1. Report, ordered by the first and then the second residue, all pairs with beta carbons closer than 7 Å, sequence separation of six or more or different chains, a first member in the range 174-187 that is touching a residue at least 40 places away in the same chain (Cβ under 8 Å) and over 12 Å from residue 205 (Cα atoms), and a second member that is of a type outside the set (D, E, K, R) and crowded, with 20+ Cβ neighbours inside 10 Å.
2. Residues 101, 82, 92, 108: which one is of a type in the set (Lys, Arg), at pLDDT 95 or above and under 25 Å from residue 179 (Cα atoms)?
3. Restricting attention to the range 107-156, and to residues there that are closer than 28 Å to residue 201 by Cβ and either free of Cβ contacts under 8 Å to residues at least 12 places away in the same chain or of a type in the set (D, E, K, R) (or both), which single residue is surrounded by the most Cβ atoms within 10 Å (Cβ to Cβ)?
4. Among the residues of the range 83-92, are any in contact with a strand residue (DSSP E or B) (Cβ under 8 Å, 6 or more places away or on another chain), basic (Lys, Arg) and exposed (fewer than 14 other Cβ atoms within 10 Å of the Cβ)?
5. Quick one: residue 102 ticks every box in (1) of a type outside the set (S, T, N, Q); (2) assigned to a strand (DSSP E or B); (3) closer than 27 Å to residue 211 by Cα bar one, so which box is it?
6. Take the range 32-78 and flag every residue that is aromatic (Phe, Trp, Tyr) and surrounded by fewer than 19 Cβ atoms within 10 Å (Cβ to Cβ).
7. Take the residues of the range 34-44 that are outside any helix (DSSP H, G or I) and out of contact with any helix residue (DSSP H, G or I) (no Cβ under 8 Å at 6 or more places or on another chain): which is nearest to residue 191 (Cα to Cα)?
8. Within the range 153-161, does at least one residue satisfy the condition of being under 15 Å from residue 49 (Cα atoms) and either touching a helix residue (DSSP H, G or I) at 6+ places or on another chain (Cβ under 8 Å) or modelled with pLDDT under 95 (or both)?
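The values are calculated or read from the model by the stated rules, or taken from the named source; none is laboratory data. None of these values were measured; they are calculated from a predicted model. Note: ideal-geometry Cβ built from the backbone for every residue, glycine included; neighbour counts use all protein chains shown.
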Amino acid sequence: MIKNIALFFSQARENFTTTGAIAPSSPSLGRAITWPLGLRSSNPIRVLEVGPGTGAFTSRILEHLRPGDRFEIYELNARFCRYLRQTLPFERLLSKGIECRLYNADVRSISAGLQFDYIVCSLPFNNFEPELVTEILAVLIDRLAAQGVLSYFEYNLSHEFKSKFLKPQDRQRMIAVGRVVRAFIDRHQVGYRQVWLNLPPARARYCRKDVTV
């Protein structure tokens, strides 16, 4: 646990653009993000996690997996990826009939033919360029199965708070990202949960490919 936290903070300092958070996600946020998996059917499912960091949500996802399930993880940060390779119980999962694969790669490299029943995303969209956010969201919703659920979170008032400390060009970038995310929410969100027990407080959002499904 101590090693987990130390690694998180070291990478938050060195790679804030791709890490984004100021502290590891809380168990309360983990439960909220993985809540849709608790509604799964008895049939085998395919799960994708994007940007797991040190695995705060990964352990919660594992609790929902059953024999026949497939779990794919994409982490761009090499140090986080090495940590996950050392700590995830790959052999134990395989012995239970659960296929788990970890990729040190960009989520945009996922094959267009793959479809996932559940996607959990922890990428810090507010730190990216709006064009990149648009591209990533398009990939995620395209890889989501027809009746699948995409879960991701955003910090409360992050736009308002950060904008007070940003240079004008960064403030405009963040405003543009906010518009991209808002358009995505308006089109795909089917619900959300407010999580106060997190630093900072956050909102878990649930989205579908087609909100009428």
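1. Close Cβ pairs (under 7 Å, with a partner that is of a type outside the set (D, E, K, R) and crowded, with 20+ Cβ neighbours inside 10 Å) amount to 177/125; 177/128; 177/133; 180/133.
2. Testing whether each residue is of a type in the set (Lys, Arg), at pLDDT 95 or above and under 25 Å from residue 179 (Cα atoms) leaves just 108.
3. 154
4. Yes, some residue in the range 83-92 is in contact with a strand residue (DSSP E or B) (Cβ under 8 Å, 6 or more places away or on another chain), basic (Lys, Arg) and exposed (fewer than 14 other Cβ atoms within 10 Å of the Cβ).
5. It is condition (3) that residue 102 fails.
6. If the condition is that a residue be aromatic (Phe, Trp, Tyr) and surrounded by fewer than 19 Cβ atoms within 10 Å (Cβ to Cβ), then 35 is the only one that fits.
7. Among residues in the range 34-44 that are outside any helix (DSSP H, G or I) and out of contact with any helix residue (DSSP H, G or I) (no Cβ under 8 Å at 6 or more places or on another chain), the one nearest to residue 191 (Cα to Cα) is 41.
8. Within the range 153-161 (the criterion being under 15 Å from residue 49 (Cα atoms) and either touching a helix residue (DSSP H, G or I) at 6+ places or on another chain (Cβ under 8 Å) or modelled with pLDDT under 95 (or both)), the answer is yes, since at least one residue qualifies.
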